[in-house]
1. Of the residues A65, A84, which is out of contact with any Phe, Trp or Tyr (no Cβ under 6 Å at 6 or more places or on another chain), within 16 Å of ligand 1 (Cβ to nearest atom) and at pLDDT below 95?
2. Condition test on A26, is it away from ligand 1 (no atom under 12 Å from the Cβ) and over 26 Å from D91 (Cβ atoms)?
3. How many residues, within segment 169-200, are more than 16 Å from ligand 1 (Cβ to nearest atom) and under 14 Å from H252 (Cα atoms)?
4. Select, from M293, M307, the only residue that is under 30 Å from F240 (Cβ atoms) and part of a strand (DSSP E or B).
5. Could you list all residues from segment 211-234 that are out of contact with any strand residue (DSSP E or B) (no Cβ under 9 Å at 6 or more places or on another chain) and away from ligand 1 (no atom under 16 Å from the Cβ)?
6. Report yes if C328 is touching a strand residue (DSSP E or B) at 6+ places or on another chain (Cβ under 8 Å) and either over 30 Å from P98 (Cβ atoms) or not in a strand (DSSP E or B) (or both), otherwise no.
7. Can you tell me which residue within segment 18-58, out of those that are in contact with an Asp or Glu (Cβ under 7 Å, 6 or more places away or on another chain) and in a loop (DSSP other than H, G, I, E, B), is farthest from ligand 2 (Cβ to nearest atom)?
8. Mind listing just one residue for me: the one in segment 59-78 that is in a helix (DSSP H, G or I) and more than 13 Å from ligand 2 (Cβ to nearest atom) and, of those, surrounded by the most Cβ atoms within 10 Å (Cβ to Cβ)?
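The values are calculated or read from the model by the stated rules, or taken from the named source; none is laboratory data. Because the structure is a prediction, the values reported are computed rather than measured. Reconstructed Cβ throughout: ideal geometry from the backbone, glycine too, with neighbour counts over all protein chains shown.
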Amino acid sequence: MLRLQTPLEERYTAAAPEELAERIAAAKATLGDRLFILGHHYQRDEVIRWADARGDSFKLAKLAAATPEADYIVFCGVHFMAEAADILTGDHQQVILPDLNAGCSMADMAELWAVTEAWESLEDVVDIDRVVPITYMNSSAALKAFVGRNGGAVCTSSNARAILKWAFERGDQVLFFPDQHLGRNTGYQMGYDESHMAVWNPRKDLGGLTEAQCKDARFLLWKGHCSVHQRFSVEQIADFRAKYPEGIVVVHPECSHEVCELADQVGSTEYILRAVADAPAGSVIGVGTEIHMVNRLANETPDKTVMSLDPLVCPCSTMFRIDGPHLCWVLEELVEGRVPNRIEVDPEVAEWAKVALDRMLSIT
Ligand code: 13P
Ligand code: SF4
């Protein structure tokens, strides 16, 4: 999806980091309690330091819903997270994304028309009333609405298991999008294996599956992935273990199943944070997730050695778009009484997407 961010003026792009920090602090002080800044763990240090709360996508969604006193929620994260915040906040609140180009390549791998087409083709071959659609939080509001309308729910990386358990109490099959890895990894955690799963390729007729494969699969996994997490490999874990035989490997469930199987612990960004905090002093921890979070964990945990499993840096290029200049710009605009980059979900879409989000929040 093409989203256009207005280029910033030179007073933002050319400002020194110290000057930006002073201006951000001043704008934040002026806005006071009317402003609430949320920061995802993958944000840069120059941004996350201003966040009133940090979290994974689940925690941030709950925090947005639980902050009715703030007029402005500045979301330092990516587009789908800001949309979820808009859906979960009151009509008097405005959600702002500092850079409109901060999307998510995984979320873009499942578009409404493609999922609708998949659903319609499935209707011809399976009992669609027994299929529960589950969308990962990393998806557009339009897809969340699709799921809400069709009896499904949203999940995040921290509650996928509970949501899938809920889904299988309601149906026999799950259409899970857009991340095949989260779906597969959670399925394995629940005791299923590859024989219960089929990958739905949206570029092919009937997802590239036979009618029998569609009928037999408990999990129909959308062929989507995260380009950051799919870089982590079995070889990297083997190298880490060879160097640090006592080391602990913690990875995000967007990594491939082979990688998750070899890890000691698998969980959301908030889970990874806790896993590092709970590890004994002196531990060496190899982490499979975005590099800004790993580097921050390394700096904030001096009694442990925290490192990325990937020797080559793997930032999330869209999270990276939010920087000091963009944060400063949106805050100074708010001080002037202008609301830039408001993320506003169409009311009808928001109504159904909220159904799917509320189901998630009530299950977990
Ligand atoms: P979390 O829900 O674990 O924060 O993950 C979001 C995400 O985009 C990971 O790539
Ligand atoms: Fe999307 Fe991957 Fe970035 Fe997460 S890390 S926001 S899934 S591209």
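1. Details: A84 fails: at pLDDT below 95.
Selected residue: A65, the only one of A65, A84 that is out of contact with any Phe, Trp or Tyr (no Cβ under 6 Å at 6 or more places or on another chain), within 16 Å of ligand 1 (Cβ to nearest atom) and at pLDDT below 95.
2. Details: away from ligand 1 (no atom under 12 Å from the Cβ): yes; over 26 Å from D91 (Cβ atoms): yes.
Judged against the criteria, A26 is a match.
3. Initially, segment 169-200 is screened for residues more than 16 Å from ligand 1 (Cβ to nearest atom), giving 169-175, 187-188, 190-200.
If we keep only those that are under 14 Å from H252 (Cα atoms) too, we end up with none.
Result for segment 169-200: 0.
4. Values: M293 fails: part of a strand (DSSP E or B).
On inspection, the qualifying residue turns out to be M307.
5. E211, A212, S233, V234
6. No: the conditions fail for C328.
7. Checked segment 18-58; the qualifying residue farthest from ligand 2 (Cβ to nearest atom) is R44.
8. Start the filter on segment 59-78 by keeping residues that are in a helix (DSSP H, G or I), which leaves 59-65.
Next, from what is left, pick out any that are more than 13 Å from ligand 2 (Cβ to nearest atom): 59, 61-65.
On the way: K59: 19, A61: 23, K62: 14, L63: 18, A64: 26, A65: 18.
Going through the qualifying residues, I end up with A64.
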